[in-house]
Amino acid sequence: MADPLSRRNFLAGVGAAGAALLLPRSGAVAGAVDPILSGRPLVRYPQKTDLILLTSRPPQLETPMKYFDRAITPNEAFFVRYHVFPIPTRVDLAEWRLRVGGLVDRPLELPMADLREKFPAVAITAACQCAGNSRGRFSPRVLGGQWGDGAMGNAEWVGARLRDVLQAAGVRTGAVDVTFNGLDAPAFPSVPDFVKSLPVARVMDWPEILIAYQMNGQPLPMLNGFPARLVVPGWYSTYWVKNLSEITVTDQPFEKYWMKPAYRIPDTPCGCVEPGTVPVRTVPISWMRTRSFIAAPENGARVPAGAPVPLKGIAFDGGYGIRAVEISDDGGRTWRTTTLGPDLGRYSFREWSARWMPATEGAHTVMVRALNGVGESQGMEPLWNPAGYLRNVVEHIDLEVG
Amino acid sequence: MIRTPVVLLAALLASARVAGAADTVAITLPPEHGTLKPGPGMEVTQKACQMCHSVDYITIQPRGGEAQWRGVVTKMVKVFGAPIGSEDADAIVEYLSRAYGPGR
């Protein structure tokens, strides 16, 4: 992990490395065998390592699968997803304040020192996944960010409880929603600003929602929300507002663009509809469905015959924790359990590993599925919805043995 | 096993203060990436779309016919308020349907 970035050495580092650091890595492309990622450039953004470019403005950067062989995703490899532009590129903590207002007794303007010192610091390890992660794999295809599987990451977040901050402000009777706004703001007034909301009852009943100012022991990278972001464990990251600057308690349901019609799923038990059809009713997306991935070996790799192949990956869910991860090499007819890594909490990625012995030389497919704490698993057939959310089908890799 | 968040003690608070020592962070974003395919209507498309976003927002999308691209352009105008007149909108839809149409 990188050394703490003081103002001096951080700015100096950017200057010394010069423009070469910021340019797309010429010729370097992602995932040659992956139909969605094939041909996408690897780019290096400030405070980040080489990530897969989805879009430039607003920036959307995807984490390569190789980083998911471990539970904690390095800050420099953590995915980036903004909705509007310009995004903040400079934050001075001497000026930054977190404003808490609306239907409260005592509006607050908290400097970072207050956020750190006036509220208990709470640590939680939680997975952060874009609602549309793996959207590129939907069939029939859907419009939107054509992510592969790397719009996800897992970190130890430290921050103040949102509930503690709201209690300090004193939420008044009649409060309905709490809205969250960050420093990103569209250039044109007609473009809806990225503002999200959570029901106030839910927020006051859920002490694990944090205003996080630390990520894996470091300040957050700018592109992951410096100096603070909301952490809503178990819920898709659309709610994890970055570069947080404004919290407002409302007396009406908040239904601006990014809550309605955006980021909604069919109001059906599966959150899905018949492929190609339109849902009758929708609700805001919320908790994450169970998923698991094989990160090593790389999809499409050639492995030696006659020796066990070490497999590694991660699994996660919406907050009940992972109970088991299983693999299959016969198309899902039989499954065998894998070894789980340390339990970092019920919202965290859970590492798993296995040694798989190929029976023959030639082409093999290895599948993976997880089971969470309340028995939710993953289906063999993908579920579909028109916005391309909630993907959690059984994943696989193809290997060439020998 | 269910683990609830741990309220950290003074030791971690102290280290957090060290980790948060930066008082100003500034970054410079790299130049934009991506180009549109050449063809009639490319310039008007590029000019209109780049007002708000890079063109890779277009080039990553699934290929689609006029209905798909008409829907996209209408959403940009009606929902996001893109200042695109109806003549330009028609030219953009025609360009996108040809350059990024089915089978392209």
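Rule-based calculations on the coordinates, nothing more; no lab input. For clarity, every value in this text was computed on a predicted model and none was experimentally measured. Don't worry about glycine lacking a Cβ; one is built from the backbone with ideal geometry, like all the others, and counts go over all protein chains shown.
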Expressed as a whole number, the average count of other chain Cβ atoms within 10 Å around the Cβ atoms of A:118-124 is 4
Number of partner chain Cβ atoms within 10 Å, mean per residue of A:54-66: 4
Tell me, what HN-Hα J-couplings in whole Hz come from the Karplus equation 6.51 cos²θ - 1.76 cosθ + 1.60 at θ = phi - 60° for each residue of segment A:77-90, using x for Gly and Pro? 9, 5, 5, 10, 8, 10, 10, 10, 9, x, 9, x, 10, 8
Tabulate in residue order the Karplus-calculated ³J(HN,Hα) for segment A:279-293, using 6.51 cos²θ - 1.76 cosθ + 1.60 with θ = phi - 60°, rounded to whole Hz; enter x for Gly and Pro. x, 6, 10, 10, 9, x, 5, 9, 6, 7, 7, 4, 9, 8, 9
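Out of the trypsin sites (Lys or Arg not before Pro) in segment A:253-301, which ones are loop residues according to DSSP with at most 12 other C-beta atoms within 10 Å? Each step should come with its number before you reach the end.
Numbers: sites: A:256, A:264, A:281, A:289, A:291; in loops: A:256, A:281, A:289.
Listed in order of number, the matching sites are A:281.
Pull out a ≥ b ≥ c, the square roots of the eigenvalues of the alpha-carbon gyration tensor of the protein assembly as shown, then state rounded if a/c is under 1.5, prolate if not and a/b is larger than b/c, and oblate in the remaining case. The partial results should precede the final answer.
Working: a/c = 1.37, a/b = 1.07, b/c = 1.28.
Cα axes put the protein assembly as shown in the rounded bin.
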For the protein assembly as shown, the charge dipole (Cβ of Lys, Arg +1; Cβ of Asp, Glu -1; about the Cα centre) points to a positive end, and the Cα of A:360, A:58, B:91 closest to that extreme belongs to A:58
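So which of A:242/A:312; A:196/B:47; A:196/A:242; A:48/A:242; A:256/B:78 end up more than 21 Å apart, counting from Cα to Cα?
Working: A:242/A:312 30 Å; A:196/B:47 30 Å; A:196/A:242 11 Å; A:48/A:242 16 Å; A:256/B:78 15 Å.
Table pairs above 21 Å Cα-Cα are A:242/A:312; A:196/B:47.
Over all distinct Cα pairs, what is the inverse of the mean 1/r for segment A:165-320, reported as the Kirkwood hydrodynamic radius in Å? Present the calculation step by step, with values, prior to reporting the outcome.
Numbers: mean 1/r = 0.0539 Å⁻¹.
Computed over Cα pairs of segment A:165-320, the Kirkwood hydrodynamic radius comes out at 18.5 Å.
Given the -39500 (n - 2.57) contribution per DSSP H run of 4+ residues, what per-residue ellipticity at 222 nm results for the protein assembly as shown, rounded to the nearest 500 deg cm²/dmol? Each step should come with its number before you reach the end.
Values: 9 runs with 79 residues, N = 506.
Theoretical 222 nm ellipticity from helices: -4500 deg cm²/dmol.
Beta carbons within 10 angstrom, averaged per residue: use that to sort the peptides A:365-378, B:71-84, highest first.
Numbers: A:365-378: 19.1, B:71-84: 16.1.
Highest to lowest by the protection proxy: A:365-378, B:71-84.
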The summed charge of the residue B:44 Cβ neighbourhood (under 11 Å; Lys/Arg +1, Asp/Glu -1) stands at -4
Taking a cut-off of 12 Å between Cα atoms, list the aspartates and glutamates near residue B:37, but don't count ones fewer than 8 places away on the same chain. B:56
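Shielding of B:54-62 by partners, i.e. mean partner chain Cβ atoms within 10 Å per residue?
Numbers: counts 8, 3, 9, 8, 1, 2, 12, 6, 8.
Per-residue shielding by partner chains comes out at 6.
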Just to be sure I understand: of the beta bridges DSSP finds with both ends in chain A, what percent are antiparallel, rounded to 5? 95
Hey, how many Å between the Cα centroid of segment A:263-288 and the Cα centroid of segment A:203-238? 26
At each listed q (0.21 Å⁻¹), what is the log10 of I(q)/I(0) that the Debye formula gives for segment A:56-199 modelled as equal alpha-carbon point scatterers? -1.41
Ranking A:190, A:134 by Cβ neighbours within 10 Å, fewest first, what do you get? A:190, A:134
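About its Cα centre, how strong a charge dipole does the protein assembly as shown have in debye, to the nearest 20, once Lys and Arg get +1 and Asp and Glu get -1 at the Cβ?
On the way: 52 positive and 47 negative charges, 43 e Å.
Taking the Cα centre of the protein assembly as shown as origin, the dipole is about 200 debye.
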Given the C-alpha centroids of segment B:38-104 and segment A:119-198, what is the distance between them in whole angstrom? 29
Cβ-placed point charges (K, R +1; D, E -1), dipole of segment A:56-115 about Cα centre in debye, nearest 20: 200
What do the square roots of 5 times the Cα gyration tensor eigenvalues come to for segment B:42-99, in whole Å, largest first, as semi-axes of the equivalent ellipsoid? 15, 13, 11
Under the rule that a partner needs its Cβ under 4.7 Å from the first Cβ, which Cys of chain A have none? A:128, A:130
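To the nearest 20 debye, what charge dipole does segment A:150-218 have about its Cα centre, counting +1 at the Cβ of each Lys and Arg and -1 at the Cβ of each Asp and Glu? Don't jump to the answer; show the numbers that get you there.
Numbers: 5 positive and 7 negative charges, 33 e Å.
Roughly 160 debye for segment A:150-218.
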